[in-house]
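As structure tokens, the structure follows; a few thoughts come after it.
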Amino acid sequence: MAIGQSLSTDQQASLVLHRTRDLLIRQRTQLINALRAHLAEFGLVAETGREGVAQLAALITDESNREALPFAMKQALQAFVDQLAALELQIGTLDRAIHAHRANDISSRLETVPGIGVIGATTIASTVTDPSNFKSGWDFAAWIGLVPRQHSTGGKERLGGISKQGDRYLRRLLVIGATAVVRHARQHPQKHPWIMRLLARKPAKLVAVAVANKMARIAWAIMAKGGYYRAPELAAAA
């Protein structure tokens, strides 16, 4: 939290929703990875995504499939399947609670920024009490940890990796959202000339961070100055 900010009870409650959801999602990922690893030892693999996980779970729960896996292994992995089912229900409950916060004026306006989405918008709205605590969008992006470290050599300033200071959870959400924007830019290059110019010179991961930086600066402008994001693209260079 930035210096001088004091979160309201509603903001604190919203952040608890987000942090709890994030923890459960990480637990779900760990279970899925463990499930895939154990079954791969028996030559049982499935495609990525939800459908793949469902296929692997079916191998374990199918009583007619006794020869594919030893009983003891099926018994052990059934605990994974049960835990995953319980986590899905819990995450769904938290998602509905978080979506209810879309009624917040700031959240609804932030959601109009490409790549931010409901989760990012409600997180920012819950984290920032007063945008005037930041002098500019650059300061807000720096607080999140989305500005490059600066190095000077021989009178020339060089930009390194991002500082990774500040709110790691919010930074991760913005980078994930920015990655989706970059993916969309590749599919529709005519709509994102700025991103395509960056992709011609930089690796996709660095471009995603640059886009996340711009998303953070746009978010600050919306919070500090009002209005909605109406530009046709996340492309104008600052």
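For the residue pair Asp105 and Tyr228, what label-to-label distance in nm results when each label sits 7 Å from Cα along the Cα-to-beta-carbon direction?
If labels sit at Asp105 and Tyr228, their model points lie 1.5 nm apart.
Provide the convex hull volume over Cα atoms per residue for region 10-100, in Å³.
Convex hull of Cα atoms, per residue: 90 Å³.
If R₀ is 25 angstrom, what is the calculated FRET efficiency for the pair Thr112 and Ile176, using the beta carbon separation as r and rounding to 0.05?
For Thr112 and Ile176, the calculated efficiency is 0.90.
Within 10 Å, count the other beta carbons around each residue, average over each peptide in 104-114, 41-51, and list them highest first.
Descending mean neighbour count gives 104-114, 41-51.
To the nearest 0.05, what FRET efficiency results for Ala34 and Leu7 with a Förster distance of 30 Å applied to their C-beta separation?
The calculated FRET efficiency here is 0.25.
Just so you know, all these numbers are worked out from the coordinates, no wet-lab data involved. Quick caveat, the model's predicted, so the values are computed rather than measured. As a convention, Cβ positions derive from the backbone with ideal geometry for all residues, glycine included, and neighbour counts pool all protein chains shown.
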